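The values are calculated or read from the model by the stated rules, or taken from the named source; none is laboratory data. Note that the structure is a prediction, hence the values are computed from the model and not measured. Cβ coordinates were reconstructed from backbone atoms using ideal geometry, including for glycine residues, and neighbour counts include every protein chain displayed. For the accessible areas, the whole protein counts, side chains as well, though only heavy atoms, and no ligand, DNA or RNA atoms are used. Shrake-Rupley method; radii C 1.70, N 1.55, O 1.52, S 1.80 Å.
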Amino acid sequence: MSECLIELKDIYKIYQMGSEEVRANDGISLKIHRGEFVAIVGKSGSGKSTLMNIIGALDVPTSGSYLLGGEDVDQMSEDQLADIRNRMIGFIFQQYNLLPKSNLLENVELPLLYAKVPKEERHARARKALERVGLADKWKNLPRQLSGGQQQRVSIARALAGDPSLILADEPTGALDSRTSREVLNFLKELNAEGNTIVMITHDSSIALEAKRVVRIHDGKINFDGDVNDYAAII
């Protein structure tokens with residue numbers, strides 16, 4: 001088995017809503033190894049988005065421990081969280097989150113800019129990432145000049161440019177039609193085949209079936225964690 005990249009142990013995320021205590025994550029323990037393609041699936045309100053925010057170092061748990069690449073994330077300050085996000089995680093969002101007035105190259109360069117990568121290296125890495133998603137010739141274009149599928153490919157290029165340990169895809173096909181969704185999912189599979197670790201968050205079991213392993217969240221707890229074929233047999 002390859003090295004463990006993500007290790008969550010007894011994770012709780014508790015919110016106080018008036019007099020009511022809401023356990024968005026209720027004692028979650030999970031290990032994900034390098035090179036895996038894991039779908040975290042659950043309905044709205046299941047706790048999957050809370051778990052994604054913790055895995056993505058966008059939030060910290062109320063209690064429990066989280067190691068990312070051996071680094072202890074659960075006690076980090078805001079600045080430390082920003083640093084580990086930038087060094088280790090490439091994000092792919094449902095709504096692309098591209099800067100409308102910046103061209104594709106500038107959009108892809110953004111995480112490298114935050115990481116203080118020198119200008120020439122930044123350009124080279126961003127161009128290589130755009131080439132990888134088939135958009136090298138459009139680097140001067142603005143996002144609005146692209147289709148939805150092309151915009152999502154730009155966001156994938158941005159995620160790849162920093163050479164992250166983890167690609168975290170939040171509903172990556174949510175804003176796309178079925179044909180374009182298929183293209184994006186096939187591209188994620190190719191990236192995984194090249195050795196990239198991918199964690200995909202989705203509410204849609206048919207999308208989850210594109211991964212190799214499925215973790216299903218219900219009421220803040222894991223109620224299934226196993227091979228995609230075993231998951232397919234029970235849905």
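Please state which one of Tyr12, Tyr66 is in contact with a Gly (Cβ under 9 Å, 6 or more places away or on another chain) and among the aromatic types (Phe, Trp, Tyr). Only one candidate qualifies: Tyr12. Considering (1) touching a helix residue (DSSP H, G or I) at 6+ places or on another chain (Cβ under 6 Å); (2) surrounded by fewer than 19 Cβ atoms within 10 Å (Cβ to Cβ); (3) closer than 19 Å to Asn97 by Cα, the lone condition that Val133 does not fulfil carries the number (2).
Right, Arg127: charged (D, E, K, R), over 20 Å from Asn192 (Cβ atoms), touching a residue at least 60 places away in the same chain (Cβ under 8 Å) and open to solvent by 80 Å² or more (accessible area, probe 1.4 Å) or not? When the stated conditions are applied, Arg127 does not pass them.
Inside the stretch 181-224, residues that are of a type outside the set (A, V, I, L, M), assigned to a strand (DSSP E or B) and surrounded by 17 or more Cβ atoms within 10 Å (Cβ to Cβ) make up a count of 4. Only one of the listed residues (Ala115, Ala124) is more than 21 Å from the chain's Cα centre (by Cα) and among the small types (Gly, Ala, Ser). That residue is Ala124.
Rundown of residues vs (1) assigned to a strand (DSSP E or B); (2) of a type outside the set (D, E, K, R); (3) more than 16 Å from the chain's Cα centre (by Cα); (4) under 25 Å from Glu71 (Cα atoms), yes/no style:
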position: Ile6; (1), (2), (3), (4): yes, yes, no, yes
position: Lys9; (1), (2), (3), (4): yes, no, yes, yes
position: Ile14; (1), (2), (3), (4): yes, yes, yes, yes
position: Glu21; (1), (2), (3), (4): yes, no, yes, no
position: Ile40; (1), (2), (3), (4): yes, yes, no, yes
position: Ser44; (1), (2), (3), (4): no, yes, yes, no
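Somewhere in the stretch 78-97, is a residue of a type outside the set (A, V, I, L, M, F, W, C), surrounded by fewer than 19 Cβ atoms within 10 Å (Cβ to Cβ), on the phi < 0 side of the Ramachandran plot and in contact with a Lys or Arg (Cβ under 8 Å, 6 or more places away or on another chain)? No, there is no match, as no residue in the stretch 78-97 is of a type outside the set (A, V, I, L, M, F, W, C), surrounded by fewer than 19 Cβ atoms within 10 Å (Cβ to Cβ), on the phi < 0 side of the Ramachandran plot and in contact with a Lys or Arg (Cβ under 8 Å, 6 or more places away or on another chain). Somewhere in the stretch 53-65, is a residue in a helix (DSSP H, G or I), without any contact (Cβ under 8 Å) to a residue 24 or more places away in the chain and of a type outside the set (A, V, I, L, M)? Yes, some residue in the stretch 53-65 is in a helix (DSSP H, G or I), without any contact (Cβ under 8 Å) to a residue 24 or more places away in the chain and of a type outside the set (A, V, I, L, M). Val228 satisfies every condition listed in (1) open to solvent by 40 Å² or more (accessible area, probe 1.4 Å); (2) over 30 Å from Asn103 (Cβ atoms) except (1). Of all the criteria given as (1) part of a helix (DSSP H, G or I); (2) open to solvent by 20 Å² or more (accessible area, probe 1.4 Å), the one not satisfied by Leu176 is (1). Candidates in the stretch 15-45 are the residues that are within 20 Å of Val199 (Cβ to Cβ), touching a residue at least 40 places away in the same chain (Cβ under 8 Å) and among the charged types (D, E, K, R); of these, the one that is surrounded by the most Cβ atoms within 10 Å (Cβ to Cβ) is Glu36.
Exactly one residue out of Ser206, Ser181 is touching a residue at least 12 places away in the same chain (Cβ under 8 Å) and among the polar types (S, T, N, Q), and it is Ser181.
Checked against the criterion of being more than 24 Å from Gly69 (Cα to Cα) and of a type outside the set (A, V, I, L, M), the candidates Arg122, Arg158 yield just one match: Arg122.
Here is the figure for the stretch 1-22: residues that are of a type in the set (Phe, Trp, Tyr) and modelled with pLDDT under 95 total 1.
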